[in-house]
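Colleague: Supplied in structure tokens, the structure appears directly below.
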Amino acid sequence: MELSKLQLFLSLLFLSTLIFSLCNVTFAYNYDDYRKDNPDVSEFRLINRRELTDCLDPNPYLSITTNVNSTLSNEAYVTVTVGGVLVPDSSDWIGMISPSNSSVDACPDSGANYLQTGDTASLPLLCHYPVKAQYLSNDPNYLSCSKQACVEQIGGICLQYACLGSVTFHVVNIRTDIEFVFFTGDFSVPCVLRRTNPIKFANPSAPLYGHVSSIDSTGTSMRLTWVSGDQTPQQVQYASGKSATSTVKTFTVADMCSASGIPSPAKDFGWHNPGYIHSAIMTGLLPSTTYSYKYGSSSVGWSNTLSFKTPPASGAANLTFIVYGDMGKAPLDQSVEHYIQPGSTSVASAITKDIDAHHIDSIFHIGDISYATGFLVEWEFFLKQIEPYASRVPYMAAIGNHERDYPGSGSFYSLTDSGGECGVPYGTYFQMPVSAMDKPWYSIEQGPIHFTVISTEHDFTSGSEQYNWINADLASVNRKTTPWVVFTGHRQMYSSSSDPDSSFAASIEPLLLKYKVDLALYGHVHNYERTCAVYQSQCLAMPTKDASGTDTYNNNNYAAPVQVVVGMAGFSLDTFPSTAPSWSLVRLSEFGFARVTASRSDLLFEFVNSGTSAVHDRFHIIKTY
């Protein structure tokens, strides 16, 4: 009787395999055609455009389990094991879904709603986007069936062996419970085989991902921002006895943008509840001083005891800061995600080491922060990635196109680059000293430097509110207090590998020259490029070599700003053309960050390769005030 049952099972398995193959033929045309025309778009980014059904698979032996016995800690590595697999296939994969009760049914065929994913194929939609996914072939023993277990036996005699496979996921506390779903059919025609029970986090209200930032130029007050699942105000305890109570913000799906009638990823399948963002101001501090702190409450728990250093006050003699753009994040496992920035983890690790080695005072991240672009859960993974150093020195940010741009939302460029975020998550997580949420430009002074931080995603043309602010801010600089002026914005003014918007230079470059800006820093282009002292694409001055052979710009005879693109902190690198314009002096396509050390008479700029920590470009700007 048992043998005939097994024969029936094998017959059904053959039939289901045949039906599945026909489904592949039926649905694969549009998908494969799109992939051929768009090879740079990953398969996983299109998973929301696939039809999802339960597999026609009668295998009664299939199972999926995890190594989690009860609940998840704030950070964990979860091993997911599938068993009872009779025929392992390269199309088998595991998806991590959160919340676990999210719909994984096929959505109505409404392709126009999802053009923002880059996919124009007319296929049904997956209602909820997996946080991350892994092919089971990441287990080297899976396809070869090297790991087996008996799934059916009689009288101690095994009648059927089946294959096992395991993959491990890096998980951080995103508050909502998760489940792992066993799919087959790869990302083009996925269907569900099995799923785990929901797994909860031990403390969804835990205070997490704290980072500090400056609120003014005195170095005597600092903002601490963190995330929790609880909206009740919490505290930061600091400086051996002081405390400050948090103000609490959040945002909802109603705050996300959509073009007329077309839901954005942030408003639809990419939405994830952000919890509550707490922010507290620590006062009564001294500049250039290290303090211990912890944050949370007795009801939700406390963070570990950490330490931060205040920056030097405006007018102090010295400052060392790190600057970069376009970081994003990458998984700490073998997963694929909707958007991966492959250099981000190595750069974050290198910066963490550099904080101690070079006594870093602050960090400036000039746009394209997390690349969540409407997939809100990815902000949490980014905040976790930068926490080791953003919790220790001021983390100052500028907005980029992938945080702000969306049609009809007031952004200067009518692009869908933010995925419907429209600057709301950015402005909530990174509360800079701005006048209003959607006026994300500000200036701040640290040591001998005046920083002017602008938004290239808002109107900057002559007569605009931001233009007038830039003009007034640069005009207000007291060079006796801050002899250096550093101008920062996300989109570049000069690049030999990507054409800039000419209206930016036409509007703003005359102001840089008028007010003798020393250094202009940008991201957006994913490489490193340094110019001469340039104005209107002409070199007005060239650096000379000092005694050690280092390029030196003499601003005692000011000619024009030195402009540097520093967008090499994570996103896939851009290459350079074989020839370059005369204003382009140094071009590097490698991951890293810039470290700037300033005294009142010398500004040393160094590009640091994140893989080796070697300095691959170095220059000075000198002057006497």
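Colleague: May I ask you to list the residues in segment 234-247 that are in a loop (DSSP other than H, G, I, E, B) and either within 26 Å of the chain's Cα centre (by Cα) or among the hydrophobic types (A, V, I, L, M, F, W, C) (or both)?
Modeller: The answer is Ala239, Ser246.
Colleague: Counting only residues that are without any contact (Cβ under 8 Å) to a residue 12 or more places away in the chain, of a type in the set (Gly, Ala, Ser) and either in a strand (DSSP E or B) or within 16 Å of Leu521 (Cβ to Cβ) (or both), how many does segment 430-479 have?
Modeller: Residues in segment 430-479 being without any contact (Cβ under 8 Å) to a residue 12 or more places away in the chain, of a type in the set (Gly, Ala, Ser) and either in a strand (DSSP E or B) or within 16 Å of Leu521 (Cβ to Cβ) (or both): 1 in total.
Colleague: Can you pull out the residues in segment 405-435 that are of a type outside the set (Val, Ile, Thr) and touching a strand residue (DSSP E or B) at 6+ places or on another chain (Cβ under 7 Å)?
Modeller: Going residue by residue through segment 405-435, those that are of a type outside the set (Val, Ile, Thr) are 405-415, 417-423, 425-427, 429-433, 435.
Those that are of a type outside the set (Val, Ile, Thr) and touching a strand residue (DSSP E or B) at 6+ places or on another chain (Cβ under 7 Å): Pro407, Gly408, Tyr429, Phe430, Gln431, Met432, Pro433.
Colleague: Of the conditions (1) in the same structural domain as Met327 (by TED's automatic domain parsing); (2) out of contact with any His (no Cβ under 9 Å at 6 or more places or on another chain); (3) of a type outside the set (Lys, Arg), His524 satisfies every one except a single condition; which number is it?
Modeller: Of (1) in the same structural domain as Met327 (by TED's automatic domain parsing); (2) out of contact with any His (no Cβ under 9 Å at 6 or more places or on another chain); (3) of a type outside the set (Lys, Arg), only one is false for His524: (2).
Colleague: Taking segment 502-527, which residues are without any contact (Cβ under 8 Å) to a residue 40 or more places away in the chain and either closer than 15 Å to Thr456 by Cβ or touching a Gly at 6+ places or on another chain (Cβ under 6 Å) (or both)?
Modeller: Ser502, Ala505, Ala506, Glu509
Colleague: Within segment 398-406, does at least one residue satisfy the condition of being within 25 Å of Val486 (Cβ to Cβ), touching a Pro at 6+ places or on another chain (Cβ under 7 Å), crowded, with 24+ Cβ neighbours inside 10 Å and not basic (Lys, Arg)?
Modeller: Of all residues in segment 398-406, those within 25 Å of Val486 (Cβ to Cβ) come to 398-405.
Now restrict to residues that are touching a Pro at 6+ places or on another chain (Cβ under 7 Å): 399.
Then keep just the ones that are crowded, with 24+ Cβ neighbours inside 10 Å; that gives 399.
Among the residues that remain, those that are also not basic (Lys, Arg) are: 399.
Yes, because at least one residue in segment 398-406 is within 25 Å of Val486 (Cβ to Cβ), touching a Pro at 6+ places or on another chain (Cβ under 7 Å), crowded, with 24+ Cβ neighbours inside 10 Å and not basic (Lys, Arg).
Colleague: In segment 299-328, what residues are touching a residue at least 60 places away in the same chain (Cβ under 8 Å), in contact with a Lys or Arg (Cβ under 7 Å, 6 or more places away or on another chain) and over 22 Å from Gly567 (Cα atoms)?
Modeller: If the condition is that a residue be touching a residue at least 60 places away in the same chain (Cβ under 8 Å), in contact with a Lys or Arg (Cβ under 7 Å, 6 or more places away or on another chain) and over 22 Å from Gly567 (Cα atoms), then Trp302, Ser303, Leu306, Ser307, Phe308, Lys309, Ala317 are the ones that fit.
Colleague: Any residue at all in segment 346-362 that is in contact with a His (Cβ under 7 Å, 6 or more places away or on another chain) and farther than 16 Å from His211 by Cα?
Modeller: no
Colleague: Taking Gln231 as meeting all but one of (1) in contact with a Phe, Trp or Tyr (Cβ under 6 Å, 6 or more places away or on another chain); (2) assigned to a strand (DSSP E or B), write down the number of the exception.
Modeller: With (1) in contact with a Phe, Trp or Tyr (Cβ under 6 Å, 6 or more places away or on another chain); (2) assigned to a strand (DSSP E or B) applied to Gln231, the lone miss is (2).
Colleague: Out of all the residues in segment 338-380, which are assigned to a loop (DSSP other than H, G, I, E, B), of a type in the set (Asp, Glu) and over 23 Å from Val131 (Cβ atoms)?
Modeller: Scanning segment 338-380 gives a single hit, Asp361.
Colleague: Now for a separate question. Tell me, which strands (runs of 3 or more DSSP E) wholly within segment 253-337 include 2 or more residues that are loosely packed, with under 15 Cβ neighbours inside 10 Å?
Modeller: It comes to 290-297.
Listed here are the residues, each with its yes/no results for (1) of a type outside the set (Phe, Trp, Tyr); (2) under 30 Å from Leu319 (Cα atoms).
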{"site": "Phe201", "(1), (2)": "no, no"}
{"site": "Gln237", "(1), (2)": "yes, yes"}
{"site": "Ser243", "(1), (2)": "yes, yes"}
{"site": "Thr250", "(1), (2)": "yes, no"}
{"site": "Cys257", "(1), (2)": "yes, no"}
{"site": "Pro265", "(1), (2)": "yes, no"}
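Colleague: Looking at segment 196-206, is at least one residue in contact with a Ser or Thr (Cβ under 8 Å, 6 or more places away or on another chain), buried (at least 17 other Cβ atoms within 10 Å of the Cβ) and over 30 Å from Glu387 (Cα atoms)?
Modeller: The answer is yes; a qualifying residue exists.
Colleague: Next up: I'm told Leu376 meets every condition in (1) among the aliphatic types (A, V, I, L, M); (2) crowded, with 24+ Cβ neighbours inside 10 Å; (3) touching a Ser or Thr at 6+ places or on another chain (Cβ under 7 Å) except one. Can you identify the failing condition by its number?
Modeller: It is condition (3) that Leu376 fails.
Colleague: Please specify each residue of segment 260-309 satisfying the condition of being of a type in the set (Lys, Arg) and either farther than 24 Å from Ile215 by Cα or not assigned by TED's automatic domain parsing to the domain that holds Val236 (or both).
Modeller: Kept after step one, since they are of a type in the set (Lys, Arg), are these residues of segment 260-309: 267, 294, 309.
Of everything in segment 260-309, just one residue is of a type in the set (Lys, Arg) and either farther than 24 Å from Ile215 by Cα or not assigned by TED's automatic domain parsing to the domain that holds Val236 (or both), namely Lys267.
Colleague: Same structure, new question: Among the residues of segment 218-232, is any in contact (Cβ under 8 Å) with a residue 24 or more places away in the chain, surrounded by fewer than 22 Cβ atoms within 10 Å (Cβ to Cβ), β-branched (Val, Ile, Thr) and under 26 Å from Leu72 (Cβ atoms)?
Modeller: Taking every residue of segment 218-232 in turn, at least one turns out to be in contact (Cβ under 8 Å) with a residue 24 or more places away in the chain, surrounded by fewer than 22 Cβ atoms within 10 Å (Cβ to Cβ), β-branched (Val, Ile, Thr) and under 26 Å from Leu72 (Cβ atoms).
Colleague: Please indicate, with yes or no, whether at least one residue in segment 110-133 is assigned to a strand (DSSP E or B) and at pLDDT 95 or above.
Modeller: Among the residues of segment 110-133, not one is assigned to a strand (DSSP E or B) and at pLDDT 95 or above, which makes the answer no.
Colleague: Would you mind stating whether Ile369 is on the phi < 0 side of the Ramachandran plot, under 13 Å from the mean Cα position of the chain (by Cα) and at pLDDT below 95?
Modeller: no
The values are calculated or read from the model by the stated rules, or taken from the named source; none is laboratory data. All values derive from a computational prediction rather than experimental measurement. Backbone-built Cβ (ideal geometry, glycine too); neighbour counts: all protein chains shown.
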